[in-house]
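Colleague: I have a structure I would like to understand better, so I am pasting it below and will then ask my questions one at a time.
What follows draws every value from the coordinates through simple rules; no lab data is involved. Keep in mind the model is a prediction, meaning the values are calculated, not measured. Glycine also receives a Cβ, built like all others from the backbone with ideal geometry; neighbour counts cover every protein chain displayed.
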Amino acid sequence: MRRLVLAAAALLGLAGTSSLVAQDTRPLARRLEQARGLSGLTKLPGVEAVTVGTRTIPAGTTVKGPVIVSGGALDVFGDIDGDAVVLDGDVFVRQGGVVRGQAVALGGRVTLDGGRVDGEIRSLTSASDIAAAAAERRALTRTERGAVLAGVVLLALLLGIVTTIMAQPVLDGVSQELERDFGRALLVGFLGELALAPVLGIACVGLVLTLVGILLVPVVVVAYALAAAGLLTLGFLAVARLVGAGLWGGGAARRLSASGASLRAVMIGTVVLTTPWALAVGVGTVWPAGEWLVVLAASGVTWVAVTAGFGATLLSRVGARPVRVSVVASMPVDQYAWATPTPVSGVAAARRPTASSAGGR
Amino acid sequence: VSRSQRPALVRCAALPLAAFALATNAARAQDWQRLDAARPLAPAHRDGQTLHVRVSYGAGTLRLAPARDGQLYDVQLRYDATRVDPRVEWREASRTLRVETRLDGVRFGRLESGDLTLGLAREVPLDLDVQVGAVEAQLDLTGLQVRSLDFTSGASDATVRMDTAAAVPLTRLALQVGAGRLRVEGLGHARVRRVEATGGMGELVLDFAGAWREDVDVDLALAIGSARLVVPADVGVRVEASARWLNQLELPGFVERDGARVSANWDSAARKLTVDLSSVLGRLVVERP
């Protein structure tokens, strides 16, 4: 009885296994049939001839075709005397490699990397594969990234020059707001960035509800985008000026005119704030794994600069808010006046000026 | 918003949403694929035998031009696999390349069209048979050895051009235009002796600019379409038209002679173009650039 049960179990297990095998090979068989239809190679063998995973034909070897690979690449350094077919993968015919028949990639590409295909090269790729390939092609090289960075820095410098010349009072107002309370500017800037899209949405909905205003929606969207970009740029330049003045605002700067010192500060600050990006490009060449860390740091620096600047721009009402200057701080104070009560005023003694009272707002 | 305005507002909001839903549904229903097929130019292909190319393309954009060096042909086809069944076949024995797209079923609504780019070897004599439906087609035959061209167009906007003198004479040029527009440029370069052109309701423009080597005969059959022939000023032109009272002929500077209209330089011209027009309600214009 026990033997009977074991035999039945074995039979069931065998049936289950064979069923699983049949299920596993069915998609592959379908794919192979598609390959036959695509290539016109009607005499391709069945799934038993398919290699699953990447396969390499070494240099100096000759393999009788067809060679069929599924779910991996076929690297041909040697000689395939017949057709090469890859299902869901690429065919690479490397230097010295030869395919004497057709080279077919279903769900992949055929790349001639110095090799030769005597027959037809045929491939079928889906839109997602094409998009991935396009994205791959779009990835910038390190040199291109360096060139883009240089272009961005030059553009920022140009904008800095124009802004300093054309709108220095505005830049002054935003910078002073930053000096007053950087943390508050950062917070307001962050909230402002969060509100950018909702405000535009509300404005558009409002225009649509008026029906007549629907025509204005595209104009408003473009104008809003330009205005937002302008405010963000102005904020960044104000932060750059602050950084530049902080680093090199000593004796040399005092010898310059106000606008000259401001321009110099903007230039220096812009270069300083974009330096982390240059480091990111440079670090990647010697330490690719650490590149993302530097990119993260550079992104953080840029974000803080732009956000705080944006907040200061909003708080200063684009530099139009009057700057509150401490009268006490600007008045000349006799160093010993506190110690010399005068009979004229009849005051027994004055308070000694302290740092908090002199520099208070 | 008053109560009476609310239903209208709801409809206003619902309509774009419904349109968006339909559009996204249509977009999801598509499956875009790309088929590439290229064959290297083997020494055996340079034996002077003609490469026969048969193209049948329904809707989309078609570009035909010389292939990259070392390629006999190079086909790139982007299509929606849910509605198009493509076929690219090569028969070595007859040296025939067949590129076809068949519409699979009928779909309504505006769907994005695909595109077909076909490159052909400069080194091989060609026999081209191109049939297009509603296609925007550009056939650049400059540098190709075209011996024969049959071009049939349904409702397409097509341009065929030759910018330099052909290496081999074009022994057959047959053009059929249904309701679209076909412009052939640089026919003077083609070394063609006879042009057969049929126009239904469409517009046909034949520009004979180029390096003329021999006289040309044009067999022109028009239903209710129009044909415009642009002929270099030094070429003599003769137009023989049947049922002339029903046609509209614009032949500035032409004179009546022996039942035909001839240009003023007909007797003195070194090269001559003869047009045999059979038309119902067609319009023929001969322009001198």
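Colleague: Between A:VAL304 and A:ALA258, what length in nm is gained on full extension when 0.36 nm per residue of separation is reduced by their alpha carbon distance?
Modeller: Extending this stretch completely gives an extra 13.9 nm.
Colleague: Kindly identify segment B:134-289 as rounded, prolate or oblate by the Cα gyration tensor criterion: order the square roots of the eigenvalues as a ≥ b ≥ c, call it rounded if a/c is under 1.5, otherwise compare a/b with b/c, prolate if a/b is larger, else oblate.
Modeller: oblate
Colleague: On each of the three principal axes of the Cα atoms of segment A:166-306, give max minus min coordinate, whole Å, ordered largest first.
Modeller: Here the Cα extents, ordered largest to smallest, are 59, 46, 25 Å.
Colleague: What is the set of long-range amide H partners of A:VAL67 at a cut-off below 5 Å, with H atoms built 1.01 Å from backbone N?
Modeller: A:ASP83, A:ALA84, A:VAL85
Colleague: Something else now. Whole-Hz ³J(HN,Hα) for each residue in segment A:51-65, computed from phi via Karplus 6.51 cos²θ - 1.76 cosθ + 1.60 with θ = phi - 60°, x for glycine and proline: what do you get?
Modeller: After applying 6.51 cos²θ - 1.76 cosθ + 1.60, I find 8, 8, x, 5, 9, 10, 9, x, 4, x, 10, 10, 10, 6, x Hz.
Colleague: If you don't mind, another one. May I ask you to sort A:PHE77, B:PHE151, A:PHE182 by Cβ crowding, counting other Cβ atoms within 10 Å and putting the fewest first?
Modeller: Fewest to most other Cβ atoms nearby, the residues stand as A:PHE182, A:PHE77, B:PHE151.
Colleague: Could I ask something else about it? Name the residue from B:PHE208, B:GLY48, B:THR117 whose Cα lies farthest towards the positive end of the charge dipole of chain B, charges +1 on Cβ of Lys and Arg and -1 on Cβ of Asp and Glu.
Modeller: Farthest towards the positive end: B:THR117.
Colleague: Ok, one more. Could you tell me which of rounded, prolate or oblate describes segment B:111-200, using a ≥ b ≥ c as the square roots of the eigenvalues of the alpha-carbon gyration tensor, with rounded for a/c under 1.5 and, failing that, prolate when a/b is larger than b/c and oblate otherwise?
Modeller: Cα axes put segment B:111-200 in the oblate bin.
Colleague: Okay, next question. Shape of chain B from its Cα gyration tensor (a ≥ b ≥ c, root eigenvalues): rounded if a/c is under 1.5, otherwise prolate when a/b > b/c, or oblate?
Modeller: oblate
Colleague: Hey, what do the phi angles of segment A:256-265 turn into as Karplus ³J(HN,Hα) couplings, whole Hz, using 6.51/-1.76/1.60 and θ = phi - 60°, x for Gly and Pro?
Modeller: 8, 5, 4, 5, x, 5, 5, 4, 4, 5
Colleague: Report, to the nearest 10°, how far helix B:6-28 tilts away from the longest principal axis of the Cα atoms in chain B, using its own Cα long axis and a range of 0 to 90°.
Modeller: Rounded to the nearest ten degrees, it is 60.
Colleague: Hey, what do the phi angles of segment B:89-98 turn into as Karplus ³J(HN,Hα) couplings, whole Hz, using 6.51/-1.76/1.60 and θ = phi - 60°, x for Gly and Pro?
Modeller: 10, 10, 10, 5, 4, 9, 6, 10, 10, 10
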